[in-house]
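The values are calculated or read from the model by the stated rules, or taken from the named source; none is laboratory data. Small disclaimer: the values here were computed from a predicted structure and weren't measured. Backbone-built Cβ (ideal geometry, glycine too); neighbour counts: all protein chains shown.
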Amino acid sequence: MTHQSIATIAAQAGNHLDDKKAVALPLYFSSNYRHDSLAEAKNFDPHQGYTYSRIATPNRRALEETMAKLEGGTAGFAVSSGMAAIQLALSILKTGDQVISLDDLYGGDFRYFRYLHAHAGIGFDQWNGKHLDDLIAKLTPHTKIIWLETPSNPMMKELDIAQVAAAVHQQNPHILIMVDNTFYTPVYQRPLTVGADVVVHSATKYLSGHNDLLGGILVCKDQQLAEKYFNYYITTGDTLDSFDSWLLLRSLKTLTVRVKQHTKNAQAVVKYLQADPRIAQILYPGKGGMISFYVKHDQDVAKLLDNVKLITFAESLGGIESLITIPYYQTHADVDIDQRHRLGITPQLLRLSVGLEDAKDLIADLKQALDQ
């Protein structure tokens with residue numbers, strides 16, 4: 001069958017792959033695999049067979065193939081964290097190359113950008129996401145990658161990936177458009193199908209959805225680029241282990257229903273926040289489970305964070321359990337303070353990952369915390 005829906009691909013993750021006909025793909029703990037003959041060993045294809053778990057395992061391969069289908073790409077790669085996926089994506093850069101990124105991203109991205117600039121001589125510039133002409137003006141002969149995140153973290157900027165890709169590729173078709181799709185997932189957005197070249201996820205978040213594993217995903221469109229990534233990732237060995245691959249594959253089966261319920265709950269919470277006079281402004285793109293909002297008074301920030309009982313004051317996002325963070329001090333502490341203030345990342349900005357609890361209970365928890 002071809003042209004299956006996202007829901008079907010996700011629900012069928014890992015099915016029909018076990019040679020013993022198990023419906024759910026079993027968990028393979030083996031670190032190595034035997035060869036039946038010298039001839040087989042001589043002609044071994046690492047893209048097809050199994051020899052050593054750093055190179056491939058049945059669980060990781062099933063996960064990678066499922067993610068490639070979900071994102072509409074050629075090949076997928078499962079690694080140990082979201083930052084490992086970003087490292088893999090940028091591994092193709094050489095000294096003197098340039099990356100232009102959106103100015104609003106997860107704080108760890110900027111920490112890694114600074115590292116690459118200082119230790120590898122990679123150039124970096126930023127674009128505010130407003131006018132395409134401004135982005136095009138920043139392109140140089142050294143520009144290799146445009147790095148995007150939409151909606152952005154935590155300011156919820158939305159970009160038209162197709163427009164950005166078309167404009168950049170018209171200037172230089174060899175520049176790669178890379179998109180962090182952690183917030184929307186393939187349920188709401190498939191960047192590779194509208195002009196992007198590479199997509200990454202912190203799989204720790206919505207793809208996993210249970211706050212119980214660490215992982216990253218990269219999917220790319222070009223087969224030659226996929227081969228470069230494959231050679232890098234089996235050499236560095238930063239591959240996802242079989243157990244976490246199995247857990248993540250299982251989680252994907254409920255991705256579509258989870259994401260839709262996250263949206264429904266978030267929309268209800270936004271409606272409450274809009275009516276609460278203690279909330280100054282809400283940043284919400286209309287779908288997904290991520291909300292950023294400003295609290296009017298400093299004392300209400302501490303009151304809310306110190307007194308939530310159902311919602312957990314913790315970093316991360318995308319899980320069944322609702323989490324609230326203060327980006328200024330937590331997720332974006334590594335962003336230069338001037339940039340934080342320029343973007344609007346202040347000590348009054350909170351980021352709420354709306355989980356799958358009953359929305360009425362979440363609203364009651366926010367209200368009782370603010371009422372303290």
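Evaluation of residue 206 against the conditions (1) farther than 21 Å from residue 58 by Cα; (2) of a type in the set (Phe, Trp, Tyr); (3) assigned to a helix (DSSP H, G or I); (4) assigned by TED's automatic domain parsing to the domain that holds residue 92 shows that the sole unmet condition is (3).
The set of residues from segment 331-358 being touching a helix residue (DSSP H, G or I) at 6+ places or on another chain (Cβ under 9 Å), among the aliphatic types (A, V, I, L, M) and more than 16 Å from residue 295 (Cα to Cα) comprises 333, 335, 354, 356.
For (1) of a type in the set (Gly, Ala, Ser); (2) more than 11 Å from the chain's Cα centre (by Cα); (3) closer than 24 Å to residue 329 by Cα; (4) not assigned by TED's automatic domain parsing to the domain that holds residue 356, each residue gets a yes or a no:
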site	(1), (2), (3), (4)
149	no, no, yes, yes
154	no, yes, yes, yes
189	no, yes, no, yes
201	no, no, yes, yes
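The set of residues in segment 3-29 being hydroxyl-bearing (Ser, Thr, Tyr) and without any contact (Cβ under 8 Å) to a residue 60 or more places away in the chain consists of 5, 8.
Against the numbered list (1) assigned to a strand (DSSP E or B); (2) touching a Lys or Arg at 6+ places or on another chain (Cβ under 9 Å), residue 196 comes up short only at (1).
When you scan segment 113-131, do you find a residue that is touching a residue at least 60 places away in the same chain (Cβ under 8 Å), of a type in the set (Lys, Arg) and assigned by TED's automatic domain parsing to the domain that holds residue 191, even just one? Scanning segment 113-131, I find no residue that is touching a residue at least 60 places away in the same chain (Cβ under 8 Å), of a type in the set (Lys, Arg) and assigned by TED's automatic domain parsing to the domain that holds residue 191, so the answer is no.
A search for C-beta distances below 8 Å between a residue of segment 154-168 that is surrounded by 14 or more Cβ atoms within 10 Å (Cβ to Cβ) and any residue that is among the aliphatic types (A, V, I, L, M) and part of a loop (DSSP other than H, G, I, E, B), counting only pairs 6+ apart in sequence or on different chains, returns 154/345; 155/345; 161/196; 165/196; 168/139; 168/175. Residues in segment 266-296 that are within 20 Å of residue 321 (Cα to Cα) and touching a residue at least 60 places away in the same chain (Cβ under 8 Å): 266, 268, 269, 272, 273, 284, 287, 288, 289, 290, 291, 292.
Scanning segment 166-176 for residues that are part of a helix (DSSP H, G or I) and either under 19 Å from residue 93 (Cβ atoms) or not aliphatic (A, V, I, L, M) (or both) yields a count of 4.
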